[in-house]
Amino acid sequence: MEMNRARRQYWTVTVSLEPAVGEIVALILRRAGALGIQEIDDQRELRLIAYFATPVSAASIERECRRALRLAEFSPSALFSVKVEPLVERDWLQTWKRGYRPFAVGRRFLIAPSWESPPAAGDRLLITIDPGMAFGTGTHETTRQCLLALEKYWGGRSLLDVGTGTGILAIAAAKLSPTARIVAVDIDPAAGRVARENFAANGVAGRVALIIGSIDRIRQETFEMVMANLTTATIQRLMPGLIDHVEPGGYLVLSGILDEEESQMRHLILESALELTECDRTGEWRTFTARRPVSSTR
Ligand SMILES: C[S@@+](CC[C@H](N)C(=O)[O-])C[C@H]1O[C@@H](n2cnc3c(N)ncnc32)[C@H](O)[C@@H]1O
């Protein structure tokens, strides 16, 4: 479950359907703006409960789902019902918190909720998170893809985390390399508060510099890796500034890109004279890792 803005009111959309069409309907719900989706499977029917931060119309969700089912050559009658209900924040958070359990990411990380006693991490690095109302629990594909890129390509000297949310990527970096220079930035002051608490809970508060504002607030400084898990539109807007902060030979990791935006992002990377290193494709999400050429000057 992911969420990215502090709001008082949420809505649930409960869709009952045949289990075979669950994936298609979940995709439609995510594209309609669902912050997270819970599945309840009772064999004969599947119920998807999707959480929204803005009001949604049952009729338009139903129409979109039936259209997608027809396109995928399923019978539209595989969708039984769609119900929209308002939800008070506390219920939603409590329900969600119960489902957030410790889980491993990549070879190095173990992520766990910070409100439970810490699990045995073995040789993994434990990252404890309380997301509050910020994005970055580690369960979202884009965050996982960034964590994988971090452990694969980062040499452990310096990292700029643009759009830090809960601070999860900065914490992972600080745990991987205790001597690294790490700067985390977010335009949302609420996310900043959450990140600060997570930095403290993970014992890395003194090792991550947190900036609330846009990347213009970062002084002229280059990093071995810049990570930006944002959206394609925001990345496009910030691209020159992001590249300016990558040292020659360093990496830029771009995430939050939907499958249909892949070629647009590929062009942007190549136009920006970066060398494409990897495009990680998981489900509908794409994460690009690109390298600033050693000889480049900007
Ligand atoms: C998808 S979340 C990523 C959180 C975390 N880094 C992760 O990977 O899970 C994006 C975050 O970027 C922040 N953000 C959006 N636009 C931004 C901008 N122009 N500059 C800095 N942060 C931004 C949002 O407030 C949000 O916290």
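Some notes on this structure:
- Largest mean-square fluctuation among VAL253, VAL84, VAL185, in a Gaussian network model of the chain whose springs join Cα atoms under 10 Å apart, belongs to VAL84.
- Summing Lys and Arg as +1 and Asp and Glu as -1 over all other residues whose Cβ lies under 11 Å from the Cβ of GLY106 gives a net charge of +4.
- Between helix 89-99 and the chain: long-axis angle, C-alpha atoms, 0 to 90°, nearest 10: 80 degrees
- Using a Gaussian network model of the chain in which every pair of alpha carbons under 10 angstrom is joined by a spring, one finds that among ALA205, ALA149, ALA32 the greatest mean-square fluctuation is at ALA32.
- Centre separation in Å (Cα based) which lies between region 254-298 and region 64-87: 34 Å
- Shape summary: the chain maps onto an equivalent ellipsoid whose semi-axes, from the alpha-carbon gyration tensor, are 34, 23, 17 Å in decreasing order.
- For the chain, the relative contact order is 13 percent, taking Cα pairs closer than 8 Å that sit 6 or more residues apart in sequence and dividing their mean separation by the residue count.
- The amide H of LEU110, built 1.01 Å from its N in the peptide plane, has VAL105, LEU125, LEU126, ILE127 as neighbours under 5 Å, considering only residues 5 or more places off or on other chains.
- Computed over the chain with a Gaussian network model linking Cα atoms closer than 10 Å, the most mobile of LEU17, LEU71, LEU148 is LEU71.
- Alpha carbon centroid spacing (whole Å) that separates region 94-123 from region 197-231: 23 Å
- For region 198-297, the C-alpha radius of gyration divided by 2.2 N^0.38 Å, with N the number of residues, is 1.13.
- Residue among ILE212, VAL183, ASN202 farthest towards the positive dipole end of region 168-226, charges placed on Cβ: ASN202
- For region 9-95, the carbon plus sulfur part of the accessible surface works out to 49%, probe radius 1.4 Å.
- Accessible area (Å², per residue) of region 136-291, counting only protein heavy atoms and a probe of 1.4 Å: 39 Å²
- Rounded to 5, the percent of DSSP beta bridges in the chain classed as antiparallel: 60 percent
- The fraction of accessible area contributed by carbon and sulfur in region 129-191 is 56 percent, rounded to a whole number (1.4 Å probe; ligands and nucleic acids excluded).
- For the listed peptides 259-272, 283-296, a ranking on the average number of other beta carbons within 10 Å per residue, highest first, reads 283-296, 259-272.
- Electrostatic tally near ALA205: other residues with Cβ closer than 11 Å to its Cβ, Lys and Arg +1, Asp and Glu -1, net +1.
- In the full protein context, region 9-95 carries 55 Å² of accessible surface per residue, based on a 1.4 Å probe and ignoring ligands, DNA and RNA.
- Under a 5 Å amide H cut-off, with hydrogens placed 1.01 Å from N, THR277 pairs with THR289, ALA290, ARG291 among residues at least 5 apart or on other chains.
- Element breakdown for region 200-249 at a 1.4 angstrom probe: carbon and sulfur atoms account for 50% of the accessible area.
The values are calculated or read from the model by the stated rules, or taken from the named source; none is laboratory data. Only a predicted model underlies this, so the values are computations on that prediction, with no experimental measurement involved. Virtual Cβ from ideal backbone geometry, glycine too; neighbours counted across all protein chains shown. To get the accessible areas, we keep the full protein, side chains included, count just its heavy atoms, and leave off ligands, DNA and RNA. Shrake-Rupley method; radii C 1.70, N 1.55, O 1.52, S 1.80 Å.
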